[in-house]
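Following this message is one structure expressed as structure tokens.
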Amino acid sequence: MRFAPDTEESLAFVVALCNTDPSASRGGDDELATVGQLLALLGRFHYTGRIDGDEAELRDVHQTRALLRTVWSLERDDAVEAVNKMLRDAKALPHLVRHDDLDWHMHATEPTSPLAERMRVEAALALIDVIRMNEVHRLRVCAADDCEGLLLDLSRNGLKRFCSVRCGNRMNMIAFRERRADGRTID
């Protein structure tokens, strides 16, 4: 499954942002606890425009992270309502832009808009593509028992189950040990 490049990048950012949550992070800690951690995350993606780099902005981004974690798991029709609300609240006006090394892509807020608002709107624009293509099933929560990480399944067959190789290996090892304990494997 392939979406437009800016859609895939926005969805990948949502996954990265949401997987900083303690329920999804490797160590169980909030990996977005400081402004410095927020700036490091933004440095991995093409975020332009206003970045205040203060505690108020960090709190707004935490609220956005919680909202996007919820929206990620909604059924298609419920996701439509949430996406429309994000766009309506921001008074989003989609327009094409080209900047830095990026070709034409959509923005729907001004560069001076608050960072968390721009994050919500960019996520909403990406989710529009997912909803329109009826591919909401590609937005998942990790199938590992002890992980709430989000995953974006862009595989051809759409069977990705784990947010990382680490989670997949861990669950495979657990299944192997259970089979072995039940006598279902040959040494």
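Does residue 121 qualify as being more than 22 Å from residue 20 (Cβ to Cβ) and either out of contact with any Ser or Thr (no Cβ under 8 Å at 6 or more places or on another chain) or open to solvent by less than 50 Å² (accessible area, probe 1.4 Å) (or both)?
no
Contact list please: Cβ distance under 9 Å, first residue in the range 119-147 and touching a residue at least 12 places away in the same chain (Cβ under 8 Å), second residue open to solvent by 50 Å² or more (accessible area, probe 1.4 Å) and of a type in the set (Ser, Thr, Tyr), pairs at least six apart or on different chains.
139/73; 140/73; 141/73
Filter the range 104-118 for residues that are in contact (Cβ under 8 Å) with a residue 12 or more places away in the chain, more than 28 Å from residue 55 (Cβ to Cβ) and either of a type in the set (Phe, Trp, Tyr) or open to solvent by 60 Å² or more (accessible area, probe 1.4 Å) (or both) and give the result.
106 - this is the single residue of the range 104-118 that is in contact (Cβ under 8 Å) with a residue 12 or more places away in the chain, more than 28 Å from residue 55 (Cβ to Cβ) and either of a type in the set (Phe, Trp, Tyr) or open to solvent by 60 Å² or more (accessible area, probe 1.4 Å) (or both).
With the requirement that a residue be β-branched (Val, Ile, Thr) and open to solvent by 70 Å² or more (accessible area, probe 1.4 Å), what does the range 154-187 give you?
Those that are β-branched (Val, Ile, Thr) and open to solvent by 70 Å² or more (accessible area, probe 1.4 Å): 165, 186.
In the range 137-153, which residues are surrounded by 17 or more Cβ atoms within 10 Å (Cβ to Cβ) and either of a type in the set (S, T, N, Q) or not in a helix (DSSP H, G or I) (or both)?
139, 140, 141, 142, 144, 147, 148, 149, 150, 151, 152
The values are calculated or read from the model by the stated rules, or taken from the named source; none is laboratory data. Quantities reported herein were computed from a predicted structural model and do not represent experimental measurements. Reconstructed Cβ throughout: ideal geometry from the backbone, glycine too, with neighbour counts over all protein chains shown. Each accessible area value is taken on the protein alone, full model and side chains, heavy atoms only, with ligands, DNA and RNA left out. Shrake-Rupley method; radii C 1.70, N 1.55, O 1.52, S 1.80 Å.
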